[in-house]
Amino acid sequence: MAIMLFTDFGANDLYVGQVKAVLDRYAPGVRVIDLLNEAPAFNPRASAHLLAALARQIPRGTVVLGVVDPGVGSTRDAVVLRADGRWYVGPDNGLFAVVAARASTRTLWRVTAPPPGASVSFHGRDVFAPLAAAVATDDFPNESVEQATRLQVALPHEDLAEVIYVDHYGNAFAGLHATGVPQTARLAVGDMVVGHARVFAEAPRDTPFWYENSLGLVEVAVSGASAAERLGIGPGTPVSWVSAPAPTRRSG
């Protein structure tokens, strides 16, 4: 079993190292993999759709420690979710809502007794990391959780017609699945309408385009440049089909 980190902590900041130190203390020998530590900051909704797209590539049995938690220290709950054989530990703020809604099977536990001495501002280190370590070492914390029927914060599981992530190249992922969309379709994003290219090598240089990325999502890019800078777009920017629209699809 492995633990995967999905956070908005920043890959070069001091928070990820602290979380990994706790995981090493409570789950020595368990592999810890950085799935993403640059998730859309302060944005559980966009992060939820990105995590759901990534989930299909995550092996069953893996524990995902997910922290995009602008409400840390508030009354939002901590949860453990088992969805389609994968475990998710983190805040009940919508981050796991799309994964849960799309799952064929799911079981949910709500945390009732956080570890003593946990800080109010760093639950990723003090609450979620020990829980993730316990699940990963088959030491499920039954004494500190209770089973629940649903997440408190639900989100629609359908595609999200906006930018959900921008990578370091400046490529913008949309929360839309590209499967079945005709290549003649044109996409409105920011103040521009862009056409399709199959891969970067087939796109005219310096011309924005959309394509189906490796996660099956619509991605807006510019060959050799940053689409985010060129188009002035980022997480939350609306996108829409302006020709040959495709029906919204559900994805597991």
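Any read-out appearing in this document is the output of simple, stated calculations on the displayed coordinates, not a laboratory observation. From a predicted model like this one, the values you see are computed outputs, not experimental measurements. Counting neighbours? That spans all protein chains shown, and the Cβs are built from the backbone with ideal geometry, glycine included.
So here's what we get for this one:
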item: Hz values of 3J(HN,Hα) by residue in the range 210-219 - Karplus curve (6.51, -1.76, 1.60), Gly and Pro given as x; result: 10, 8, 8, 7, 5, 8, x, 9, 6, 10
item: Local electrostatic count at Leu108 - Lys and Arg +1, Asp and Glu -1, tallied over other residues with Cβ under 11 Å; result: +1
item: Sequence ranges 92-100, 203-211, 71-79, 28-36, ranked by mean other-Cβ count within 10 angstrom, highest first; result: 92-100, 203-211, 71-79, 28-36
item: Beta bridges by DSSP in the range 1-109, antiparallel share as percent, to the nearest 5; result: 45
item: Helical segments meeting 20 Å axial Cα length and Kyte-Doolittle -1.0 threshold in the chain (DSSP H); result: none
